[in-house]
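Student: One structure is given below, represented as structure tokens, and several questions about it will come after.
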Amino acid sequence: MTDQRSLADVLQQRPSFNPESLSVAEAAQIIDQLVTPVGAIESLALRDTLGRIAAVDVLSTLDVPAHDNSAMDGFSVRSADLRPGASTTLRVVGAALAGRPFLGSPQPGEAVRVMTGALMPFGHDTVIVQEVVQVQGEQITVPPGQLAGQNRRLRGEDLSRGSVAIPSGRQIGPAELGLLASLGIAELKIRRRLRVAFFSTGDELRSIGEPLAEGQIYDSNRYTLFGMLRRLGVEGLDLGVVPDDPAALERTVAAAAASADVVVSSAGVSVGEADFTRSVMGRLGEVGFWKIAMRPGRPLAFGKIGQALYFGLPGNPVAVMITFLFLVRPALIKLAGGTANGLTTIQVRAAQPIRKRPGRTEYQRGAWVPSPTGEMTVQVMANQGSGVLSSMAQADCIVVLAHERPSIDAGEFVDCVPMGSLF
């Protein structure tokens, strides 16, 4: 559990707050104000930190690279020996390989054969790539036009000793693992893993492997939630399907909030007779809001149960994914101690007109389409129904149409979030 601010305190700072009419931006701000990163820190062996969040700044233990070295295969020379505007002939006095330096001290007019990664011989500051050099026995001829310092990596140009190699809040990926290994760091302090309990509600839902009766469907939402949570590196607690029964739902929510930092449910938050989630939240904790001006995803309940954040997502599969990706995901990243949500938004011209009503944020599935001139444009997919999960699997991006924006003409720029940025 996490020590977070009171929801009532946050809402009191918003005198115009209306829980039944909230923009996406306002909802995101309220959620963000309730999130305080988990404080617990643990030390893990380097390979076990993949996907986790660095809890402290990791400082470089040495200069990277540790010495000036050659960036190319070729010949190291003194730039002062090169004749401007004319070829230069130099004598080759030895060779340097990565891990096997040239031990002598070249004199003026002398060159050394070097391989990529080899230490620069004493006094040499420039590398001439082998492809442009003419070799004649122990002599080489260097063409004019070479630049002083070219093809040389300087000591510490990547990282200097004591500088920040990995900042606190950075998620550890393959590149970070390699960087830390190159510094000889075997153990890392990281934030503890978040615990997120999730479940679906509805008498009509069945789990995979169970037979379907008339009117019943298989529950897909727990599987998309599982996938999105797994990609974030959190510990997911799958509580299964809860029937449309207030007592069963209350027991599940209470147990989930007692064991997790965040509770995420799907369905049960609209105005139907069998939608109990909001009332259960009110009995067990605080309800902040339950309607957002967005499509898909208008019914979304947010609150706190004890110290756990609670997200009551809609029931339609696409609405579950959209609300999670754009509202729950940033909160989980911050709660885990991360400093960036990783979303990449690019502007792309619309391939055709897009209907849009001002007063709500819309998230439409899109596909990349090359224009006749070769420019990449985006075309919204034909079926934008919130139950059409196949279009999420086929989409290249999510087209985000801002709250006050009206319909879009063909050729206008729209904001697009590539699917690869979301998962």
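Student: For the chain, what proportion of DSSP beta bridges, expressed in % and rounded to the nearest 5, is antiparallel?
Tutor: 65 percent
Student: For segment 335-395 and segment 292-334, what is the separation of their C-alpha centers, rounded to whole Å?
Tutor: The two parts, judged by their Cα centres, are 19 Å apart.
Student: Between Val348, Val135, Val287, find the one with the highest GNM mean-square fluctuation for the chain; connect C-alpha pairs within less than 10 Å.
Tutor: Answer for the Gaussian network model of the chain: Val135.
Student: Still on this structure: Counting pairs of alpha carbon atoms under 8 Å apart in space and at least six apart in sequence, what relative contact order in percent does the chain give?
Tutor: Averaging sequence separation for qualifying contacts and normalising by length gives 16 percent for the chain.
Student: How high is the relative contact order of segment 349-403, in percent, with contacts defined as C-alpha pairs under 8 Å that are six or more residues apart?
Tutor: Dividing the mean separation by the residue count of segment 349-403 yields 45 percent.
Student: Oh, and also: Which of the lysines could be linked to Lys291 by a straight reach, that is with a Cα gap under 29 Å, when you skip same-chain ones fewer than 8 residues away?
Tutor: Partners found: Lys304, Lys334, Lys356.
Student: For Gln307 and Val135 in one chain, what is 0.36 nm times their gap in residues minus the Cα-Cα distance, to one decimal in nm?
Tutor: 54.6 nm
Student: With an 8 Å Cα cut-off and a minimum separation of 6 or more residues, compute the relative contact order for segment 305-423 in percent.
Tutor: Value for segment 305-423: 32 percent.
Student: What is the antiparallel percent of DSSP beta bridges lying wholly in segment 1-144, to the nearest 5?
Tutor: 80 percent
Student: How big is the gap, in Å, between the Cα center of segment 197-213 and the Cα center of segment 401-423?
Tutor: Measuring centre to centre over Cα atoms gives 34 Å.
Student: Would you please classify the overall shape of segment 346-422 from the alpha carbon gyration tensor, given that a ≥ b ≥ c denote the square roots of the eigenvalues, rounded means a/c under 1.5, and beyond that prolate means a/b larger than b/c while oblate covers the rest?
Tutor: Here segment 346-422 falls in the oblate category.
Student: Ok, one more. List the DSSP H helices in the chain whose Cα atoms stretch 15 Å or more along the helix axis and whose mean Kyte-Doolittle hydropathy is at least 0.5.
Tutor: 24-34, 246-259
Bear in mind that the values in this text are calculations on the coordinates, not laboratory data. All values derive from a computational prediction rather than experimental measurement.
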